[in-house]
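Shown next, in structure tokens, is the structure this report addresses.
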Amino acid sequence: MTAHKVVTHDEWVAARKKHLAKEKEFTRLRDQLSKERRELPWELIENEYTFEGENGRQTLGEIFEGRSQLVVYHAMFNPQTAGPNTTWTADAACYACSFWLDNFERVTVHLNHRDITMAAVSIAPYPKLAAYKKRMGWTFPWYSSADSDFNFDYRVSFTP
């Protein structure tokens, strides 16, 4: 066990106040960066991307589900490239992606109430996604982009 500095209460309070000042500075900087991110321009999408999901083939516009904002989570799941050098198998998404997808289950309802649709997109064929989604007990929208250039255009999938 490493030795840790032990001090009196007054010394701890002084150190904590010094650290708190740094935390507040960091919070102000993070708030400013967040504001700048919200002010970034939006990109005009001219391609007619299509996806396959629970309701069949849908366009990018349709997966907004009538809301003004869409958050797309790229879930790494490609049965054709699964193997020992990947974090996914032929029948499952990446284990880290699966962790995050687990957390979407209870968040999406809150986002929907704030005019935001959240969906996962993977290059795997939809039947593979549907089987894994059922196995995991997930209900959020998850779409296959297998017949689209979406993943490649947004640089989340690559050719050899």
Exactly one of THR117, THR139 is of a type in the set (Val, Ile, Thr), surrounded by 15 or more Cβ atoms within 10 Å (Cβ to Cβ) and in contact (Cβ under 8 Å) with a residue 24 or more places away in the chain, and that one is THR117
**Q.** Some residue of the range 81-90 being of a type in the set (Gly, Ala, Ser) and crowded, with 20+ Cβ neighbours inside 10 Å
**A.** no
Scanning the range 78-100 residue by residue, those farther than 21 Å from ASP147 by Cβ and in a loop (DSSP other than H, G, I, E, B) turn out to be GLY83, PRO84, ASN85, THR86, THR87, CYS94
Of the listed residues (ARG67, ARG37), the one being under 24 Å from the mean Cα position of the chain (by Cα), within 27 Å of ASP149 (Cα to Cα) and part of a helix (DSSP H, G or I) is ARG37
Exception for ASN103 within (1) of a type in the set (S, T, N, Q); (2) surrounded by 16 or more Cβ atoms within 10 Å (Cβ to Cβ); (3) outside any loop (DSSP other than H, G, I, E, B) falls at (2)
Scanning the range 35-82 residue by residue, those at positive phi and among the acidic types (Asp, Glu) turn out to be GLU65
In the range 142-160, anything among the β-branched types (Val, Ile, Thr) and surrounded by 13 or more Cβ atoms within 10 Å (Cβ to Cβ) is listed as VAL156
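Taken together, the values in this text are just the output of simple stated rules run on the coordinates, not laboratory data. Computed from a prediction, not measured in an experiment: that's the story for all the values here. With ideal geometry, Cβ positions are generated from the backbone for all residues, glycine too; neighbour counts draw on all protein chains shown.
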